[in-house]
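Asker: Mind having a look at this structure? Questions to follow.
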Amino acid sequence: GAIGAVGRRMTSDAQKGPVYNGIVDKLTRGLQPTELSLIDDSAKHASHAAMKGIEGGESHFQVKVVSDKFEGLSRVKRHQLVYSLLDEHFKAGLHALNIQAKTPAEVQK
């Protein structure tokens, strides 16, 4: 399992917020990914008016996920699958998610 790749590119402030942990948990359970990398980009967007009052400021993330579950799905369908897994986070204030969703075969190309 390449799950150890999670968070290796993160900054050294290893304190991950509840949104970060929740996203990793939901995607891990829902997709059983061979690779999952999540980057919190919220700091770049902290000054947006819409971001004021978001708990912990966790609002913008980049996710790269590699899963067999994407096999045969279009890019749009892959994104819809990810969004559906994270629905409660979007309702709670997750604002933006930059998604790279690939199958293991696509990664090897």
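Asker: What is the extension gain from residue 62 to residue 75, computed as 0.36 nm multiplied by their sequence separation minus the C-alpha to C-alpha distance, in nm to one decimal?
Answerer: Going from the current span to full extension adds 3.1 nm.
Asker: While we're looking at this one, here's another question. So between residue 99 and residue 21, what do we pick up on full extension, going 0.36 nm a residue minus the alpha carbon distance?
Answerer: Stretched out fully, the residue 99 to residue 21 stretch lengthens by 26.4 nm.
Asker: Going down the list 26/69; 44/109; 77/109; 16/44; 16/69; 64/91, which pairs span over 23 Å between their C-alpha atoms?
Answerer: The answer is 44/109; 16/69.
Asker: I would also like to ask the following. Label-point separation (nm) for residue 28 and residue 90, each offset 7 Å from Cα along Cα-to-Cβ?
Answerer: With each label placed 7 Å out from Cα toward Cβ, I get 2.4 nm.
Asker: Any idea of residue 90's accessible area? Nearest 10 Å², probe 1.4 Å.
Answerer: Here the residue's solvent-accessible area equals roughly 60 Å².
The values are calculated or read from the model by the stated rules, or taken from the named source; none is laboratory data. It should be emphasised that the depicted structure is a prediction, and the values quoted were computed from it without experimental measurement. For neighbour counting, all protein chains shown are included, and Cβ atoms are generated from backbone atoms with ideal geometry for every residue, glycine included. Note: accessible area is taken over every heavy atom of the protein model, side chains too, but ligands, DNA and RNA are not part of it. Shrake-Rupley method; radii C 1.70, N 1.55, O 1.52, S 1.80 Å.
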